[in-house]
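What follows is a set of notes on a single structure, which appears directly below.
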Amino acid sequence: MYDRPVTDEAFTAEEQRWLAVWDDKRAQVVSGAMSVDDVREWVWQNRVVNAISVTIQRIKRSDRPGRDSRRTDNTWVTVAAERGDAKDDASPLATQTLSYVVERLTERGHDFDVDIMATSRGLIVISINVKGLRGYMNRRSSAGTA
């Protein structure tokens with residue numbers, strides 16, 4: 001396996017989707033269709049905020065009797081996925097986007113972990129685990145900003 005170049009077929013379907021979306025965003029920056037700021041905001045709104053919202057809705061459903069029994073308080077969000085062999089191979093767009101997302105999560109008071117992983121198949125995945133969403137919901141409710 002390691003004596004030949006790795007192709008996209010070596011990636012799982014999920015990894016291929018991550019790559020396709022991120023490749024599209026990078027191409028849009030190169031073509032001028034999107035700015036770097038547009039990409040960062042797109043990732044924030046369409047990846048991070050959406051994942052948080054979906055998980056919060058799942059938590060609300062699980063609190064009702066007879067409903068969804070999954071009681072997870074966390075959500076994993078893939079910020080970017082790129083071809084590369086080491087964490088340092090991540091593009092400036094990916095690292096800038098990660099910094100932007102971290103800043104926004106910190107501003108909102110979220111607890112989270114950042115994971116930058118380089119696989120043996122030549123994939124760099126930058127993801128964030130947003131933790132304690134049940135507690136986040138309770139803090140927002142107590143502050144009257146729900």
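Laboratory data are not the source of any read-out in this text; all were calculated from the coordinates shown. Keep in mind the model is a prediction, meaning the values are calculated, not measured. Backbone-built Cβ (ideal geometry, glycine too); neighbour counts: all protein chains shown.
Each residue of region 99-110 is assigned a 3J(HN,Hα), and the resulting list reads 4, 4, 5, 4, 4, 5, 5, 5, 4, 7, x, 7 Hz, derived from the Karplus form 6.51 cos²θ - 1.76 cosθ + 1.60 (θ = phi - 60°), x at Gly and Pro.
Let me have the relative contact order for region 11-137, percent, based on Cα pairs under 8 Å that are six or more residues apart.
About 28 percent, as a whole number.
When the square roots of the Cα gyration tensor eigenvalues are ordered a ≥ b ≥ c, the ratio a/c for region 11-137 is 1.5 or more and a/b exceeds b/c, which makes its shape prolate.
Net charge in the neighbourhood of Ser31 (other residues with Cβ under 13 Å of its Cβ; Lys, Arg +1, Asp, Glu -1) is -1. Residues whose amide H comes within less than 5 Å of that of Met34, counting only those at least five positions distant or on another chain, are Val29 (H built at 1.01 Å from N in the peptide plane).
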